[in-house]
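The values are calculated or read from the model by the stated rules, or taken from the named source; none is laboratory data. Everything quoted here is computed from the prediction, not taken from an experiment. Here Cβ is always computed from backbone atoms with ideal geometry, including for glycine, and neighbour counts include all displayed protein chains.
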Amino acid sequence: MLEKDYLMRLIQTLFDAINKIANSIDRDDIEGAKTQLNESYKLLGHEEDYFHNTDYKDLIEFFKLKEGNYLKRVELLAELIYLDATIETNKTHKIEKFKKSNKLFQHYIDHSEEYSFEINSKLISIKNELEKIE
């Protein structure tokens, strides 16, 4: 029961953080968004560099080892990396982040019993961004 309560609080905290990041991006407060992103990655169990430098399959396995719904963590990480990609200025890093976010979102869709218009919309957005960049 405690693990479930912890996971629910973690999910709510991360959803709140994602909203703050999106609001910071909308206000062109890129530094504020970067700071919030860094803190949000830590809530998922590692520093930002770990999530950027680790293959998406290994990240999925990392979340499977944790208690609770690993797919929700995959979804939240995909969202964080997606937001991170939107503010990335380095073209190569931007592409890598969009691709990793895409793979994580796709894994979520492939293994979740829920259908999400929002995630499907993000997948389309990622595809469009990658076509525009490449």
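Odds and ends about this structure:
- Selection count, the range 104-134, where residues are over 25 Å from Asp29 (Cβ atoms), surrounded by 11 or more Cβ atoms within 10 Å (Cβ to Cβ) and acidic (Asp, Glu): 0
- Residue satisfying all of: in the range 12-46; in contact (Cβ under 8 Å) with a residue 12 or more places away in the chain and of a type in the set (D, E, K, R); farthest from Glu75 (Cα to Cα) among these: Lys34
- Positions within the range 96-115 being of a type in the set (A, V, I, L, M, F, W, C) and closer than 17 Å to Glu48 by Cα, in sequence order: Phe98, Leu104
- Residues that are touching a helix residue (DSSP H, G or I) at 6+ places or on another chain (Cβ under 8 Å) and crowded, with 17+ Cβ neighbours inside 10 Å, drawn from the range 58-69: Leu59, Ile60, Phe63
- Filter pass, Leu123 being over 15 Å from Ala78 (Cα atoms), part of a helix (DSSP H, G or I), among the hydrophobic types (A, V, I, L, M, F, W, C) and free of Cβ contacts under 8 Å to residues at least 40 places away in the same chain: no
- The residues listed here are Leu80, Leu104; of these, the one that is under 22 Å from Glu134 (Cβ atoms) and either in contact with a Lys or Arg (Cβ under 6 Å, 6 or more places away or on another chain) or not in a loop (DSSP other than H, G, I, E, B) (or both) is Leu104.
- Pairs where the first residue, in the range 47-66, is farther than 16 Å from Gln106 by Cβ and the second is of a type in the set (Gly, Ala, Ser) and at pLDDT below 95, C-beta under 8 Å, 6+ apart: Phe62/Gly45; Lys66/Gly45
- Restricting the range 78-103 to residues that are crowded, with 22+ Cβ neighbours inside 10 Å and polar (S, T, N, Q), the residue that is nearest to Leu123 (Cα to Cα): Asn102
- Looking across the range 28-57 at every residue that is basic (Lys, Arg) and over 24 Å from Tyr6 (Cα atoms), the one that is surrounded by the fewest Cβ atoms within 10 Å (Cβ to Cβ) is identified as Lys57.
- Being surrounded by fewer than 15 Cβ atoms within 10 Å (Cβ to Cβ), at pLDDT 90 or above, more than 12 Å from the chain's Cα centre (by Cα) and not in a loop (DSSP other than H, G, I, E, B) is a property that Glu3 lacks.
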